[in-house]
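Values in this text are rule-based calculations from the coordinates and carry no lab data. Values in this document were obtained by computation on a predicted structure and should not be read as measured data. Note that each Cβ is placed from the backbone with ideal geometry, even for glycine, and that neighbours are counted across all protein chains shown.
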Amino acid sequence: MDTRGNGLGFSRKICWAKARRIFETYSLAKASGNLLKTEKFQNSRNRALLIGGGLIALLLIVLAGAAMLGAERLPLFDLNEQQRSILYDIRLPRILLGACVGASLAVAGAGLQSLLRNPLAEPYLLGVSNGAALGTMLAFVFFQSLEVTRPLLAFAGAGLATVAVYRMAKSRAGMNVERLVLSGVIVTTFLSSVIVMLTTLLDAAKLRSFTFWLLGDLSQATRNGVYLSLGAVIVGTVVLTSQARALNLMMVGERDAFDFGVEVGRVRMLVFGASSLVVGAAVAASGSVGYVGLIVPHLVRLTVGSDNRLVVPFSAVAGAIFVVFADTIARTAIAPRELPVGAVTALIGAPMFIYLLRRN
Amino acid sequence: MLEIRDITVKYGEYEVLLDVSLRLSGGEVIALLGANGAGKTTLIRSLNGTLPLAGGGIELDGRGLDSMSRGEIAANIAVVAQENETRFPVSVLQFVLSGRFVHGGACGWESRDDLQFAEKALAECDLAGYETRLMNHLSGGERQRVVLARAIATNARILLLDEPTANLDLAHQAMMFKLVRKRCLESAASAIVITHDLNLAAEFADEIVMLKNGRIVAKGTPAEVLTTENVEKVFGVRVLLDRNPASGNVRVTNVFEEF
């Protein structure tokens, strides 16, 4: 249709011009001009709100898409009995669990990175995920009848691994990137070998499902698992966001933070505690999904800058989007068979890690 | 305002500071001089409660520093430390605003006041227009001025500055000292400045304190303290003293013997 000359096209043109103007005002290029005036500062907050709204909208779209796609394609409306059962009993728990796991890992990554002043800190690379995995495994092997022991021991394992890595990485001269990554590798490999030793206690059928779980697998999603993860991620995100302003100082330097009134020890405890909680819950439900905590906060920082009051909550939403997206690929790429979601995230994450390491 | 009584600080068994006493009154600028390792930074660090004291005490307006919370101390005492680097893309405005931590507005967001203090501090440090520049893209001297701006934005009554002029060019060295001086005159703030520039200290300080091996060697007005004997005792070099023809203050010139 030729839109020139008719009223509809004209108003559309105006809309475009308006949209472009709004985009230009909010775009990064403009923001790097002069922010001195208070109203401009207000604009950068509006821009942050806009991005936040966009992320939530994107999450809803991805959730809806993921609900429809799969071994069995589902329509968005008018489901029959069987389709309904697939949606509510199988697909929805899995998708929602994926969202919780993604949010958990991303938010933990964002918090740990700022606390440890290191953009490469990540629950999986630091061995926190493996600590939780070992805890889950112990519960799996020794307290099989009690479902609550899995997340509890996962939380304990995550906490212990975090403290161990922190103590190893911290020397009198402070903490550098290499030392932290190395400590993470040592803790990870040590815990892996303990996990492997424990797998010898399992029979063949269990071993297969356990190996899948270890790589990061959402196919065992249950409603209880979703509730638990959702609770943990809400608490964790609220705690981490409440410490975001202190983390803004901590990411520059612990001593700086102390000088400007931050109770450094308390913030460290809260951040370690909250990230162990969310990682514990995520790993107990879905195994070790790697690299989410690395990629997601990094991309968020590229978009909104490094202010943790934005980075932490936005990472939660973006992490949910990322894992639901990755899991949809895992479910559909070689359907009717499935990939573990951890394999998909690692496939994207490992090259990214190398890129970041080189850039540092 | 700040009363330091016989403080001793130890690293292990080694006494870095021994029985140091000092009084900082409103409007006063004290310059802290001494050779490397004399305990200057240790003294500054202990004044805001970072380092535990092995003896003596510090009082702020008659209240012991050890009975105050981190927030209370930070609201009164701001520190300009030797610089720090971050791997995160922190903008200059964000960095300066982070200094307003203890004044947090609603929900942890800065209030209009916070923003105004930050903008004023940036302008005073000759950094207007730098707001959105990233810290890791600045030169050492520019970064140092941002660190100073962050301390000034806190509006704290006491400034502790650890070699604030180390990376600054000639013009910004003078700017730094003038700025500190002006704040002290106008708002009855006070400052302790570590510097290695004896002439800047002579121009801008009300009082000079010389440290050697953790002990105070000399204390008084620039004219009283900056003597050939004191400088030789503290730094081990021979100097000539005369007057700055422009200001009439003491001027120290290194003789550079045995070249």
### Query
What helices does chain A hold that run 24 Å or longer along their axis, going by alpha-carbon atoms, with a Kyte-Doolittle average of -0.5 or more, using DSSP H for the helix calls?
A:7-26, A:38-68, A:92-115, A:149-169, A:177-199, A:223-242, A:264-286, A:308-332, A:341-359
### Task
Have a look at B:V90, B:T154, B:G64 and report the one farthest towards the positive end of the charge dipole of the stretch B:2-254, computed about the Cα centre with Cβ charges (Lys/Arg +1, Asp/Glu -1).
B:V90
### Query
Counting each DSSP H run of 4 or more residues in chain A as -39500 (n - 2.57), what helix-only mean residue ellipticity at 222 nm follows after dividing by all residues, to the nearest 500 deg cm²/dmol?
-25000 deg cm²/dmol
### Task
May I ask you to work out the translational diffusion coefficient for the protein assembly as shown at 20 °C, viscosity 1.002 mPa s, via Stokes-Einstein with Rh from the Kirkwood sum over Cα pairs, reported in whole µm²/s?
78 µm²/s
### Task
Give the longest segment of chain A that steers clear of GluC sites (Glu not before Pro) in DSSP loops with at most 15 neighbouring Cβ atoms within 10 Å, not counting the sites themselves.
A:148-262
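Considering Cα pairs under 8 angstrom that are at least six residues apart, work out the relative contact order of chain B and quote it in whole percent.
Numbers: 499 pairs, mean separation 62.1, N = 259.
Reported as a whole number, the value is 24 percent.
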#### Entry: GNM top mover of B:V29, B:V231, B:V193 - chain B, alpha-carbon springs below 10 Å
B:V231
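If I require 24 Å or longer along the helix axis, counting alpha carbons, and a Kyte-Doolittle average no lower than 0.0, what helices from chain B are left? Use full DSSP H segments.
Numbers: long enough: B:170-187 (26 Å, 0.03).
Those that clear 24 Å and a mean of 0.0 are B:170-187.
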### Task
Let me know the charge dipole size of the protein assembly as shown about its Cα centre in debye, to the nearest 20, where only the beta-carbon of Lys, Arg (+1) and Asp, Glu (-1) is charged.
1820 debye
### Query
Which value at 222 nm does chain B reach when only helices count, each DSSP H run of 4 or more adding -39,500 (n - 2.57), with the total divided by all residues and rounded to the nearest 500 deg cm²/dmol?
-9500 deg cm²/dmol
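If each residue's Cβ is checked for other Cβ atoms within 10 Å, how do B:M176, A:M168 rank with the fewest at the top?
Values: B:M176 24, A:M168 17.
Going from sparsest to densest Cβ surroundings: A:M168, B:M176.
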### the stretch B:44-175, dipole about Cα centre (Lys/Arg Cβ +1, Asp/Glu Cβ -1), debye to the nearest 20
200 debye
### Query
Under the definition of partner shielding as Cβ atoms of other protein chains within 10 Å of a residue Cβ, what is the mean value for peptide A:87-99?
0
### Computed over chain A, Cα set: Rg, Dmax in Å
22.2, 77
### Message
What FRET efficiency comes out for A:A204 versus A:S171 if R0 is 45 angstrom and r is the Cβ-Cβ distance? Round to the nearest 0.05.
### Response
0.50
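With charges set only on the Cβ (+1 for Lys and Arg, -1 for Asp and Glu), what does the dipole of the stretch B:2-254 come to about its Cα centre, in debye to the nearest 20?
Values: 27 positive and 32 negative charges, 28 e Å.
I would put it at about 140 debye.
Cross-link list B:K120/B:K219; B:K40/B:K120; B:K120/B:K178; B:K178/B:K233; B:K40/B:K178: which exceed 25 angstrom alpha carbon to alpha carbon? Walk me through the numbers before you get to the answer.
Working: B:K120/B:K219 34 Å; B:K40/B:K120 30 Å; B:K120/B:K178 16 Å; B:K178/B:K233 29 Å; B:K40/B:K178 22 Å.
Distance filter (> 25 Å) returns B:K120/B:K219; B:K40/B:K120; B:K178/B:K233.
Restricting to Cα atoms and excluding each atom paired with itself, what does the Kirkwood estimate give for the stretch B:2-254 in Å? Present the calculation step by step, with values, prior to reporting the outcome.
Values: mean 1/r = 0.0528 Å⁻¹.
About 18.9 Å, per the Kirkwood formula over Cα pairs.
What is the mean projected area of the alpha carbon convex hull for the stretch B:129-214, to one decimal in square nanometres?
Details: hull surface 26.8 nm².
Average projection, Cα convex hull of the stretch B:129-214: 6.7 nm².
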### Task
Specify the residue with the greatest mean-square fluctuation among A:S209, A:S104, A:S286, computed from a Gaussian network of chain A linking alpha-carbon atoms under 10 Å apart.
A:S209
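Take every Cα pair under 8 Å in chain A that's 6+ residues apart, average their separations, divide by the length, and report that relative contact order as a whole percent.
On the way: 524 pairs, mean separation 100.2, N = 360.
Relative CO of chain A lands at 28 percent.
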#### Entry: Neighbour-limited loop hits for trypsin sites (Lys or Arg not before Pro), the stretch B:195-259 (at most 14 other Cβ within 10 Å; DSSP other than H, G, I, E, B)
B:R238
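Hey, fewest Cβ within 10 Å first, where do A:C100, B:C184 land in order?
Numbers: A:C100 31, B:C184 21.
Ranking A:C100, B:C184 by Cβ neighbours within 10 Å, fewest first, gives B:C184, A:C100.
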### Message
Please compute the contact order of the stretch B:28-163 in relative form: average sequence separation of alpha-carbon pairs under 8 Å and at least six residues apart, divided by the residue count, as a percent.
### Response
33 percent
### Query
Among B:W109, A:W213, what is the fewest-to-most ranking by other Cβ atoms within 10 Å?
B:W109, A:W213
